[in-house]
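These notes are about the structure you will find just below.
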Amino acid sequence: MQPSIDLSVDAVIAWVDGSDPKHFAKMQEHLDGHVLGKSTRYANNGEIYYCIASILKFAPFIRRVWIVTDSQKPQFIDEFARAGLCEQDFIQVVDHKTLFAGFEGVLPTFNARTIEAMLWRIPELSEHYIYLNDDFFMNKRLTPDFFFRNGLPVIFGKWVPPERWRLKTFIRGALRLKKASQPNRRPTYRLAHELGANIAGFTGKFVLVDHLPHPLRKSTQQAFYQSQPEVLRKQIKFRSRSLEQYSPVALINHLEIATRNAYVHKPVDIAYVTPHALILVYRFAQQVRSQHRVFGCIQSLDGFPASAMRLVRKVMKQKLGRFLPETIVLDD
């Protein structure tokens, strides 16, 4: 086993409170009527507090947590410092205006793929950082070398064929030929990863990573965009997801792979639960209570029935213990 390297590692969390009337009105104004209701993609149900508490408990090596927001701030985020669980400057809120300085014309944006392309511009961000969504949490004790081996990112993914090689793609194409009009393609997770790999020079197989916390290096992203600013400008002009957009995480990963500056590791199992699989809530509870799952993800907590939501909150409170301040109010 390789010895651990002393790294300065930050965590970057994308967060939005979609229940904020001002934010929702902004979406309605700028997305040309595409927002038909309060999407759970933008919902805020307090998951970020589980995320922060899990970092404090299971990833104490994290130097600082950066929360990227749009003129918002999680209501109870200061309770961690008040409870003595971290220093006052450990958790920093970074507004989109700071991230997009010099590119204010693309704001406001409601597009994760746009925001991800700008994370390297967070002032004072460490070279090594972990990017994750607010609905993820650490489920066991971790060390820096879990994410960065010999200082290089560990990519938790697998090599997969491009979309055009897949059998179901041929079948769909054949079916579309029989129709008068071809349905619009969706900007899916996989297609965005493939496009990111293409930009990095991979035109065949590429590494598809699951929806996980992603270890990244700031200098790789910064060097690419400074050398090819037109790629950045095209990426960030979309306020909502577009088929023309790539996954910035996939781009960075494949840039690292191309220069042999990354380790590709098989995907890790996570404790995952959604309101569409309520029968698995009890299984999720068992997984969280064990040490066999590295990460956990609670997706769309607002969609759970009250009883299931209470169980999830109970399990998380037991898991995180004193690292979740009692002063944080989480509605059942």
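Derivation of every value follows stated rules applied to the coordinates shown; laboratory data play no part. Not measured: the values here are computed from a predicted model. Using ideal geometry, Cβ is built from the backbone for each residue, glycine included, and neighbour counts are taken over all protein chains shown.
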For Asp134, distant residues with modelled amide H under 5 Å away: Ala14
With an 8 Å cut-off on Cα pairs and a minimum separation of 6 or more residues, tell me the relative contact order of the range 9-323 in percent. 23
Amide H neighbours of Leu212 under 5 Å, counting only residues 5+ apart in sequence or on other chains, H built in-plane at 1.01 Å? none
Most packed first (mean Cβ within 10 Å per residue), the peptides 82-94, 205-217, 298-310, 60-72 order as 205-217, 60-72, 298-310, 82-94
When each of Lys26/Lys140; Lys218/Lys266; Lys22/Lys158; Lys73/Lys218; Lys73/Lys158; Lys73/Lys266 is checked by Cα-Cα distance, pairs over 32 Å: Lys26/Lys140; Lys22/Lys158; Lys73/Lys158; Lys73/Lys266
List the residues whose amide H sits under 5 Å from the amide H of Ile91, counting only those 5 or more places along or on another chain, with H placed 1.01 Å from N in the peptide plane. Val65
List, in order, the whole-Hz ³J(HN,Hα) value for each residue of the range 60-77 obtained from phi through the Karplus relation with A = 6.51, B = -1.76, C = 1.60 and θ = phi - 60°; use x for Gly and Pro. x, 6, 4, 6, 7, 10, 10, 9, 8, 9, 10, 6, 9, 7, x, 4, 10, 5
Is the C-alpha gyration tensor of the range 9-323 telling us rounded, prolate or oblate? Criteria: a/c under 1.5 is rounded; beyond that, a/b larger than b/c is prolate, otherwise oblate. rounded
Please report the antiparallel percentage of the DSSP beta bridges confined to the chain, to the nearest 5. 35
